[in-house]
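First up is the structure itself, then whatever we jot down about it.
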Amino acid sequence: MKTELISAEHPVGLDHTVDVLRNGGLIAFPTDTVYGLASLPFKAEYVERLFAAKGRNSSRASAVLIGRVEDVPLVAAKMGLKAQKLAENFWPGPLTLIVPKNPRLPQVLSQDATVGVRMPDHPVALNLLRATGPLAVTSANRSGMPNTSTAEEVMAQLGGRIHLILDGGRVPGGVPSTVVDCTGAELVILREGPITLDLMLKVLAEPD
């Protein structure tokens, strides 16, 4: 497979990326943390290709990224009040909310009844997600290798394994998103990130 590289500023860059995804292809694109590796999330074979390209089994769930709050019901069975308030305050941004999964999503995406949902704070990512709808996304690197911050770094690790890289320049890198389980009575941090538990609890304590 030849991996295509196209600039996010190219006049047809976004439309071409959308076409690749809709035909079952794998793409890499910039986010507000690292480059992400994506497929459409609603067909098991597409998600399986995602894990195969990364060299990782499906025992670890893949998050779903969205570009608008209105897309949440496509991937989440419900959003509790805590999750809704956190989304209102921290999206777009580096916060992944674990919520009950819409049964339409294939099991390979997440082995249990939950799914991680996030809205990234990056203009290229948001434009893409608003054009495609939700995407299954993992970091655009080979399993066990460093995260990628440029299209060139993605090509070095995943060239020949994915169909297209949407080049949006260097991304900030740094700390991945905070992952918080919102399905129980209390918030549970599954991965520490830029948004702390104290900050989330402070927001939840504020009157509506």
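What to note about this one:
- Hits in segment 104-130 (condition: surrounded by fewer than 21 Cβ atoms within 10 Å (Cβ to Cβ), in a helix (DSSP H, G or I) and touching a Phe, Trp or Tyr at 6+ places or on another chain (Cβ under 9 Å)): V108
- Residues being open to solvent by 20 Å² or more (accessible area, probe 1.4 Å), in contact with a helix residue (DSSP H, G or I) (Cβ under 9 Å, 6 or more places away or on another chain) and of a type outside the set (S, T, Y) - total across segment 136-149: 4
- Test: residue in segment 150-159 that is open to solvent by 20 Å² or more (accessible area, probe 1.4 Å), in contact with a helix residue (DSSP H, G or I) (Cβ under 9 Å, 6 or more places away or on another chain) and farther than 19 Å from A63 by Cβ: no
- Residue within segment 65-85 that is modelled with pLDDT of 95 or more, assigned to a strand (DSSP E or B) and more than 17 Å from A125 (Cα to Cα) present: yes
Every residue, every condition in (1) in contact (Cβ under 8 Å) with a residue 40 or more places away in the chain; (2) closer than 13 Å to M155 by Cβ; (3) polar (S, T, N, Q); (4) outside any loop (DSSP other than H, G, I, E, B), yes or no:
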residue	(1), (2), (3), (4)
M1	yes, yes, no, no
L5	yes, yes, no, yes
L14	yes, no, no, yes
D19	no, no, no, yes
G25	yes, no, no, no
F42	yes, no, no, no
R49	no, no, no, yes
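- Counting the residues of segment 143-170 that are of a type in the set (K, R) and either under 16 Å from the mean Cα position of the chain (by Cα) or modelled with pLDDT under 95 (or both) gives 0.
- If the condition is being surrounded by 21 or more Cβ atoms within 10 Å (Cβ to Cβ) and either without any contact (Cβ under 8 Å) to a residue 40 or more places away in the chain or among the small types (G, A, S) (or both), then segment 66-94 contributes A76, A83, A87.
- Lone unmet requirement of (1) modelled with pLDDT of 95 or more; (2) within 18 Å of the chain's Cα centre (by Cα); (3) open to solvent by less than 30 Å² (accessible area, probe 1.4 Å) for G193: (1)
- Meets criteria (among the small types (G, A, S) and surrounded by fewer than 21 Cβ atoms within 10 Å (Cβ to Cβ)) for G133: yes
The values are calculated or read from the model by the stated rules, or taken from the named source; none is laboratory data. Just so it is clear, the model here is predicted, and its values are computed rather than measured. As a convention, Cβ positions derive from the backbone with ideal geometry for all residues, glycine included, and neighbour counts pool all protein chains shown. Just the protein is used for accessible areas: all its heavy atoms, side chains included, with ligands, DNA and RNA removed. Shrake-Rupley method; radii C 1.70, N 1.55, O 1.52, S 1.80 Å.
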